[in-house]
Amino acid sequence: DVELIVNGGFSPLTGFMDEAAYKSVVESMELPDGLIFGLPVVFDTDSEDLQPGMTVLLKDGDLPIATVEFTDKFIPNKPLECLKCYGTSEIEHPGALMVATERGRYYMGGKITGLNTPVRDFPCKTPAEVRATLPEDKDVVAFQCRNPVHRAHYELFTRALDDERVDKDAVVLVHPTCGPTQADDIPGDVRYKTYVVLKEETENPRTFWEYLPYSMHMAGPREAIQHMMIRKNFGCTHFIIGRDMAGSKSSVTGEDYYGAYDAQDCARENVERLGVTPVPTLNLVYTEEEGYITADEAEEKGLSIKKLSGTKFREMLRGGEDIPEWFAFKSVVSVLRENN
């Protein structure tokens, strides 16, 4: 969060939200000035000693990252925050669990001054640096992901360029989140390695690859808004939204917290306020006869659909079995096996 505040990824934020901004975002999904904002960005602490007026140094190990000049200190309404932002206050939701058990008793607002950028295994360019690499006169379609890109994903974001909402010379910015996601996801450094080899394997001139230092909240519709706002700061005009984007299931019942199209609907309702056009993903399936086509077309033609679940894929990966090339790229499979 500090890095995205400093580099402009969370623009117009210049620091951690104060109480007024926090309440406004939680209750109305907007900053006090009316600008849409998906999720609160806060500094949390259990310290009784930290007080408004103090300035503290934030470090990553021994590396100074930023200073924070605190402006206020307040006790947040965490149940309301979870209910409004995650759609539930149940701690079976990973975001609600994080708010309830990992965040401190107090939140503090404060202005941030950047000093250094965290050192990572994967490069994270600033919004200005990314914008400088993108064509100025073309639509830029952002694709967000938190997992390795397999064949179906690649088909989704390359075919998005054919969407009627997108200009014919548009490009795709594949912009994965490489920070912490869910506990059972593949680590960020390994994900990054899969993106590097896939970029080399595909060599697509209409596809740009960059990496985002963002920690997923699995907040469904609210997170879709957050991602669109971030990608707008990175120079994107369009944003691909898939089924159940940033969705989460109860760790107890396994039930989905959001409907499959809740994120798409929320984005569509707020498109004017965001200034970014949502591009819904196609529902693609793989058929023996015609490769990847839409599910409706496959059903209409009576074609043979092939499926491979994520669970089965991971079992085959661990077991050293051959992974069908219609499902995954060879280069990606090699990296995953080397780091399994």
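The values are calculated or read from the model by the stated rules, or taken from the named source; none is laboratory data. All values reported here derive from a predicted model rather than from experimental measurement. When we count neighbours, we look across all protein chains shown, and the Cβ atoms used for this are built from the backbone with ideal geometry, even at glycine. Side chains included, ligands, DNA and RNA excluded: accessible areas come from the protein's heavy atoms. Shrake-Rupley method; radii C 1.70, N 1.55, O 1.52, S 1.80 Å.
Where in the stretch 304-340 is the amide nitrogen less than 14 Å from a point lying 7 Å along the Cα-to-Cβ axis of residue 189? What the label zone holds, given the 14 Å backbone N cut-off, is 339-340. The heavy atoms of residue 211 offer some 10 square angstrom of accessible surface to a 1.4 angstrom probe.
Largest accessible area first, the residues 214, 286 order themselves as 286, 214 under a 1.4 Å probe with ligands, DNA and RNA left out.
For the chain, the longest principal axis of the alpha carbon atoms and the long axis of helix 188-202 meet at an angle near 40°.
Apolar share of the accessible surface for the stretch 128-245: 45 percent from carbon plus sulfur atoms, 1.4 Å probe.
Heavy-atom accessible surface of the stretch 131-220, averaged per residue, reaches 44 Å², computed with a 1.4 Å probe. Which of 51, 264, 144 ends up with the largest GNM mean-square fluctuation for the chain, with Cα atoms connected below 10 Å? So, out of 51, 264, 144, the one fluctuating most is 51. With the whole protein complex present, residue 35 retains an accessible surface near 70 Å², based on a 1.4 Å probe.
Relative to the current alpha-carbon distance between residue 162 and residue 295, full extension at 0.36 nm per residue lengthens the span by 46.1 nm.
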